[in-house]
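Student: My questions will all concern the structure given below.
The values are calculated or read from the model by the stated rules, or taken from the named source; none is laboratory data. Since this is a predicted model, take the numbers as computed values, not measurements. So basically every Cβ, Gly included, is an ideal-geometry build from the backbone, and we count neighbours across all protein chains shown. The accessibility values were calculated without ligands, DNA or RNA, using every heavy atom of the protein model including side chains. Shrake-Rupley method; radii C 1.70, N 1.55, O 1.52, S 1.80 Å.
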Amino acid sequence: MRLHHVGLVCSSQEKADRFYEGILGLAKIKTTELTEAITERIFHSAQRCLMILYEQEGFAVEVFVPEESPLRKGAFEHLCLEVAEREAFLETCEENGLEVRRIPRGEAFLAFVSDFDGNLFEIKEAFS
C-alpha cells in the first residue's frame, strides 16, 4: 500500500496556484468542476466546487475550492491509498462495519471508506 494523494481545501484557485505551483513547484495537471450531486455522494457536503490536481515526482495534492465555505470543517479533506486488491480491501472494510461508498464514474466507480472515527480515505487499485 502507498499514499496516492492528499485532498485539501483552499479558499480560491488563485491562492492554490500561488502556493502549489509558485511555492512548491508542482505542475497543475487538471482542473475539474464537481457538481453538488457528486460532492454530496462523496463528502456529504452538497455544493459545487473546483478540484485542482497538482503533481510532481509521485507527490500529488487534490485541492478543492468550494463556491462557499465548506458546510463543515474538513468536508473535502481525505487521503487516497493505493491497495493491491481494491475489491477485497473494500469487502474487508464492510465486514468490519465500516462505511464504504461506491460512486459510479463512467464504466468504473470511485471508492471511499470512512474509518472508525470518520476520517475519509479514497481507495484506488494499485497497478504495477
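Student: Could you list, in sequence order, the residues of the range 5-42 that are closer than 17 Å to Lys124 by Cβ, crowded, with 18+ Cβ neighbours inside 10 Å and not β-branched (Val, Ile, Thr)?
Tutor: Of everything in the range 5-42, those that are closer than 17 Å to Lys124 by Cβ, crowded, with 18+ Cβ neighbours inside 10 Å and not β-branched (Val, Ile, Thr) turn out to be His5, Gly7.
Student: Among all residue pairs at least 6 apart or on different chains, which show Cβ distances below 8 Å where the first residue, located in the range 11-34, is in contact (Cβ under 8 Å) with a residue 24 or more places away in the chain and closer than 12 Å to Tyr54 by Cα and the second is part of a helix (DSSP H, G or I) and open to solvent by 50 Å² or more (accessible area, probe 1.4 Å)?
Tutor: That search, which allows pairs on different chains as well, returns Ala27/Glu21; Lys28/Glu21.
Student: Quick test for you: out of Ile42, Ile52, Ile103, pick the one residue that is β-branched (Val, Ile, Thr) and out of contact with any helix residue (DSSP H, G or I) (no Cβ under 9 Å at 6 or more places or on another chain).
Tutor: Ile42
Student: Mind listing whichever residues of the range 1-35 are more than 25 Å from Arg86 (Cα to Cα) and under 15 Å from the mean Cα position of the chain (by Cα)? Quick ask: steps written out before the conclusion?
Tutor: Within the range 1-35, the first condition is being more than 25 Å from Arg86 (Cα to Cα), and the residues that meet it are 9-28, 31, 33, 35.
Listed by number, the residues that qualify are Val9, Cys10, Thr31, Glu33, Thr35.
Student: Same structure, new question: Report whether or not Glu82 is in contact with a Lys or Arg (Cβ under 7 Å, 6 or more places away or on another chain) and touching a residue at least 24 places away in the same chain (Cβ under 8 Å).
Tutor: On the way: in contact with a Lys or Arg (Cβ under 7 Å, 6 or more places away or on another chain): yes; touching a residue at least 24 places away in the same chain (Cβ under 8 Å): yes.
Yes: the conditions hold for Glu82.
Student: Any residue at all in the range 87-108 that is of a type in the set (Val, Ile, Thr), surrounded by fewer than 18 Cβ atoms within 10 Å (Cβ to Cβ) and in contact with a strand residue (DSSP E or B) (Cβ under 8 Å, 6 or more places away or on another chain)?
Tutor: Taking every residue of the range 87-108 in turn, at least one turns out to be of a type in the set (Val, Ile, Thr), surrounded by fewer than 18 Cβ atoms within 10 Å (Cβ to Cβ) and in contact with a strand residue (DSSP E or B) (Cβ under 8 Å, 6 or more places away or on another chain).
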